[in-house]
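See structure below.
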Amino acid sequence: MGILIQKLKYIFYKPWMMFFFLFPIAATFFFGFLFEKQQQELVIPIAVVNEDQHNFSKTVVKDLKNEPRLVVRETTASNAEKLLVRNDVDSVFYIKRDFQERLMDEDWEETIELWISPSSLATGVVRELVASKITRLTTTIKASNRVVNLMERRFGKLSESNQLWNEAYEYTDKQWEPEPLMTIDYRDNGDKKAKESKKNLDFTSFLGLWSFFTMLACFFTSDWIVKEQKKIFPRIQTMKKGLMGYLLQSSGANLFFHIIQLTISYFLLVHFHMIESSLRMFIMMVLFIIFCVALCSGVASFISQLGTYYIAGFFITFLIGIIGGSFFPIGDITPSLATLSHWMPQSFFILDSASAVNYSVFLILVSVILWAMAIWRLKKV
């Protein structure tokens, strides 16, 4: 325990070591809030071709223009094609001439065409947004038609049917403000993509950044292995406790140092509602730290030059961060890498309880192998 205590004193008494204590926390929140601000300011340019020019189509266009995340350009079909080819807009929505007539007949299939290009990125989001506008119209029209039909079925043909329909339409349409009377929250076990996308979004924002900067800090605070392996390790092997005891206690001090940083990060993330408060999440973060320290020790045991070690550490951290989804869900861009991403340590944070138990065993096993490999390599120095 003497080596462990001495190493802890060395870590906490060195000002430059405290930089690596605060670095993951500060960098996570700085870049996390910066990315959130950029996402809030992100707008999607689209074009709308309104060939119908009746009240309902104008209402749809007006509602789209009121969306803060959209920049809507109302134009002609020929000009819309040019805008799409030049990538000036993400997609084009073409409202057909018989749009209002077909809605009144409760026939809303294929009333709007969607034009996209290979470079269109936000098509799915905008399509769902347009679909919500159409849904509001169709349900309101359907309810108004139902009211008129029921009244005529009971009292016969009414002279004021149009007035009654308009009143029913206005009343029903108001039920959507400030929000619909009823929403649907469904769960489909077969539709895992939506769940994974939502989890990845939450994970990427802050936990992903924290995992990247923490792994990077672990590499820098583990550089003592490279510094000491030629000067100190040969002499330590002749001592009673040997090299294994020295490595385990020194790495234990490094691990304790990062777990304190983890604890502060965890409570800050919970306080700002970036993650949910749960013992399982805290344990997963601890296991991630154990893996990081083991990985850094394994890499350091193969490298004797300090500069080479720093470059390798940054490269490995960046590679694992990209593939693991620290910055964005890599599977959304290259689906072929989605499977590989699931084997990265960052995926630990988005697993369900059953999968997390299995993956924690795998992560601990990998960490033990890395520790054993590092000790075996350093004994040969």
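General observations
- Residues of segment 28-79 satisfying the condition of being aliphatic (A, V, I, L, M) and touching an Asp or Glu at 6+ places or on another chain (Cβ under 7 Å): ILE44, ILE46, VAL48, VAL61
- Selection count where residues are of a type in the set (Val, Ile, Thr), open to solvent by less than 40 Å² (accessible area, probe 1.4 Å) and either at pLDDT below 75 or in contact with a Gly (Cβ under 8 Å, 6 or more places away or on another chain) (or both), scope segment 314-347: 1
- Some residue of segment 178-188 being out of contact with any strand residue (DSSP E or B) (no Cβ under 7 Å at 6 or more places or on another chain), modelled with pLDDT of 70 or more and not polar (S, T, N, Q): no
- Of the residues making up segment 195-221, those that are open to solvent by less than 60 Å² (accessible area, probe 1.4 Å) and at pLDDT below 55 number 4.
- Any chance ILE95 is surrounded by 16 or more Cβ atoms within 10 Å (Cβ to Cβ), among the aliphatic types (A, V, I, L, M) and within 24 Å of ALA168 (Cβ to Cβ): no
- Qualifying positions in segment 364-381 - assigned to a helix (DSSP H, G or I), open to solvent by 50 Å² or more (accessible area, probe 1.4 Å) and among the aliphatic types (A, V, I, L, M): ILE364, LEU365, VAL368, ILE369, ALA372, MET373
- For the residues ILE275, ILE259, ILE283, ILE289, the requirement of being hydrophobic (A, V, I, L, M, F, W, C), within 23 Å of ILE320 (Cβ to Cβ) and part of a loop (DSSP other than H, G, I, E, B) singles out ILE275.
- Filter result for PHE302 (at pLDDT 90 or above, part of a helix (DSSP H, G or I) and among the hydrophobic types (A, V, I, L, M, F, W, C)): no
- Residue list for segment 104-117, filter: at pLDDT 75 or above and either open to solvent by 40 Å² or more (accessible area, probe 1.4 Å) or touching a Phe, Trp or Tyr at 6+ places or on another chain (Cβ under 6 Å) (or both): MET104, ASP105, THR111, ILE112, GLU113, LEU114, TRP115, ILE116
- Subset of segment 222-238 (residues that are open to solvent by less than 50 Å² (accessible area, probe 1.4 Å) and either in a helix (DSSP H, G or I) or farther than 14 Å from SER304 by Cα (or both)): TRP224, ILE225, VAL226, GLU228, PHE233, ILE236
- Some residue of segment 271-290 being polar (S, T, N, Q) and closer than 22 Å to ARG377 by Cβ: no
Residue by residue, here is whether (1) closer than 30 Å to SER91 by Cβ; (2) touching a Lys or Arg at 6+ places or on another chain (Cβ under 7 Å); (3) at pLDDT 80 or above; (4) part of a helix (DSSP H, G or I) holds:
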site	(1), (2), (3), (4)
ILE5	no, no, no, yes
ILE11	no, no, no, yes
TRP16	no, no, no, yes
PHE19	no, no, yes, yes
PHE29	no, no, yes, yes
GLY32	yes, no, yes, yes
PHE35	yes, no, no, yes
GLN38	yes, no, no, yes
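- Looking only at segment 40-54, and only at residues there that are touching a helix residue (DSSP H, G or I) at 6+ places or on another chain (Cβ under 8 Å) and at pLDDT 85 or above, the one that is most open to solvent (accessible area, probe 1.4 Å): GLU51
The values are calculated or read from the model by the stated rules, or taken from the named source; none is laboratory data. Note that this is a predicted model, so its numbers are computed, not measured. Methodologically, a virtual Cβ is constructed for each residue, glycine included, from the backbone with ideal geometry; neighbour enumeration extends over all protein chains shown. In case anyone asks, the SASA skips ligands and DNA or RNA and just uses the protein heavy atoms, side chains included. Shrake-Rupley method; radii C 1.70, N 1.55, O 1.52, S 1.80 Å.
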